[in-house]
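First the structure, in the form of structure tokens, and then the observations on it.
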Amino acid sequence: MALWGTIVNAVAIIIGGLLGVLLPRISESIKNTVLQGLGLAITVLGITMALKSDQIVLVIMSLVIGGILGELMRIEANLTKLGDWLQSKMSKQPTAHPAAPTSISEGFVTCTLVYCIGAMAILGPLDGGLRHNHDILYTKSLLDGFLSIIFASTLGIGVIFSAASVFVLQGTIALLATVIAMAFSQASLDAMIVQITAVGGVLVIGVGINILQIRKINVANMLPALVIAAAAVPIQQLITEWLR
């Protein structure tokens with residue numbers, strides 16, 4: 001079943017999020033310290049991802065073009081609006097958890113970006129769709145589930161809703177895996193994954209900066225940069241062949 005790994009990943013996020021929300025109330029000072037630790041760790045992860053590529057021009061070009069497209073599409077605003085809508089629905093529930101944050105948007109948007117950006121979020125569903133091998137997504141599920149416990153204990157129940165974003169993105173990749181594999185050679189796929197990982201690393205750095213509250217970066221508006229990074233590889237290869 002092509003979607004099995006994605007389903008496990010989404011369920012792990014939900015379970016982790018519920019555990020985080022249901023944990024005994026943690027003091028604000030501990031929450032802030034834990035959140036700062038997560039922000040630093042995520043920033044370091046982003047740096048290691050960004051260094052995967054040695055083609056900085058492609059990375060910059062992808063970020064610029066993707067950022068422009070994202071601003072025109074108002075991705076950040078629409079994600080926040082969706083989070084606010086979820087917040088309005090949750091606030092009508094009389095049994096809402098007393099430790100719920102004032103905004104579900106923060107947890108939803110932050111975790112959507114963390115869980116959906118990275119090589120495992122692409123390689124996992126690709127492998128699941130092509131070979132029905134879900135080992136990568138099983139590993140990602142463990143990582144995401146653990147992170148969900150920590151994120152939910154600090155950012156609240158909005159973390160749980162990011163499971164829907166993970167399911168839609170990874171499920172789409174898994175279902176399209178055969179088409180993708182037929183369209184590109186293994187060498188092209190490997191090169192595309194390197195560029196996507198590098199650009200994704202820059203976006204993850206942005207997520208870390210947001211968590212640390214150093215500066216507000218509209219990371220969601222840069223998400224189209226991942227698509228641009230993937231498309232840039234075959235285009236570059238065609239241009240190289242043409243110039244020979």
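What is the total of Lys pairs in the chain with C-alpha atoms under 25 Å apart, excluding same-chain pairs fewer than 8 positions apart?
Numbers: Lys31/Lys140; Lys31/Lys216; Lys52/Lys140; Lys81/Lys89; Lys81/Lys92; Lys81/Lys216.
Step by step, the pairs that qualify in the chain add up to 6.
For region 96-203, what's the relative contact order in percent, using C-alpha pairs closer than 8 Å and at least 6 residues apart? Let's see the in-between values first.
On the way: 102 pairs, mean separation 44.2, N = 108.
With pairs under 8 Å counted, the relative contact order is 41 percent.
How far, in degrees from 0 to 90, does helix 158-183 lean away from the longest principal axis of the Cα atoms of the chain, to the nearest 10?
So the inclination is approximately 20 degrees.
Once you have the Cα-Cα distance between Met182 and Ile15, take 0.36 nm times their residue separation minus that, and quote the gain in nm to one decimal.
On the way: separation 167, 0.36 × 167 = 60.12 nm, distance 3.58 nm.
Going from the current span to full extension adds 56.5 nm.
Which stretch or stretches of region 177-211 have amide N atoms under 14 Å from the point lying 7 Å from Arg244's Cα along the Cα→Cβ direction?
Residues 188 qualify, since their backbone N sits under 14 Å from the label point.
Using a simple spin-label model with points 7 Å from Cα along the Cα→Cβ vector, what separation in nm is obtained for Val168 and Trp4?
Once both label points are built, they end up 2.7 nm from each other.
May I ask you to compute the full-extension gain from Ser27 to Glu71, defined as 0.36 nm times their residue separation minus their alpha-carbon distance, rounded to one decimal in nm?
Values: separation 44, 0.36 × 44 = 15.84 nm, distance 3.70 nm.
Contour length minus Cα-Cα distance gives 12.1 nm.
Compute the convex hull volume of the Cα atoms of the chain, divide it by the residue count, and report the result per residue in Å³ as a whole number.
121
Which value at 222 nm does the chain reach when only helices count, each DSSP H run of 4 or more adding -39,500 (n - 2.57), with the total divided by all residues and rounded to the nearest 500 deg cm²/dmol?
-27500 deg cm²/dmol
What's the carbon and sulfur percent of the chain's accessible surface, probe 1.4 angstrom, rounded to a whole number? Before the final figure, lay out each step's value.
Working: 9060 of 12660 Å².
Summing carbon and sulfur atoms, their accessible area is 72 percent of the total for the chain.
Relative contact order of the chain: what whole-number percent is it, with Cα pairs under 8 angstrom and at least 6 residues apart?
Values: 392 pairs, mean separation 100.9, N = 244.
Relative contact order for the chain comes out at 41 percent.
Between Asn78 and Phe146, what is the FRET efficiency for a Förster distance of 30 Å, r being their Cβ-Cβ separation, to the nearest 0.05? Don't jump to the answer; show the numbers that get you there.
Values: r = 29 Å, r/R0 = 0.96.
For R0 = 30 Å, the calculated efficiency reads 0.55.
Could you tell me which trypsin sites (Lys or Arg not before Pro) in region 122-225 are loop residues by DSSP with no more than 12 other beta carbons within 10 angstrom of their beta carbon? It would help to have the intermediate numbers written out before the result.
Values: sites: Arg131, Lys140, Arg215, Lys216; in loops: Arg215, Lys216.
Those satisfying the criteria are Arg215, Lys216.
Any idea what angle helix 224-243 forms with the longest principal axis of the chain, computed on alpha-carbon atoms, 0 to 90 degrees, nearest 10?
Helix 224-243 sits roughly 10 degrees off the main axis of the chain.
How far is helix 28-50 tilted, in degrees, relative to the longest principal axis of the Cα atoms in the chain, given as a value from 0 to 90 rounded to the nearest 10?
In the chain, helix 28-50 runs at an angle near 0 degrees to the longest axis.
With the other protein chains left in place, how much accessible area per residue, in square angstrom, belongs to the chain at a 1.4 angstrom probe?
52
The values are calculated or read from the model by the stated rules, or taken from the named source; none is laboratory data. None of the values given here were measured: they were computed from a predicted structure. Note that each Cβ is placed from the backbone with ideal geometry, even for glycine, and that neighbours are counted across all protein chains shown. SASA here: full protein model, heavy atoms, side chains in, ligands and nucleic acids out. Shrake-Rupley method; radii C 1.70, N 1.55, O 1.52, S 1.80 Å.
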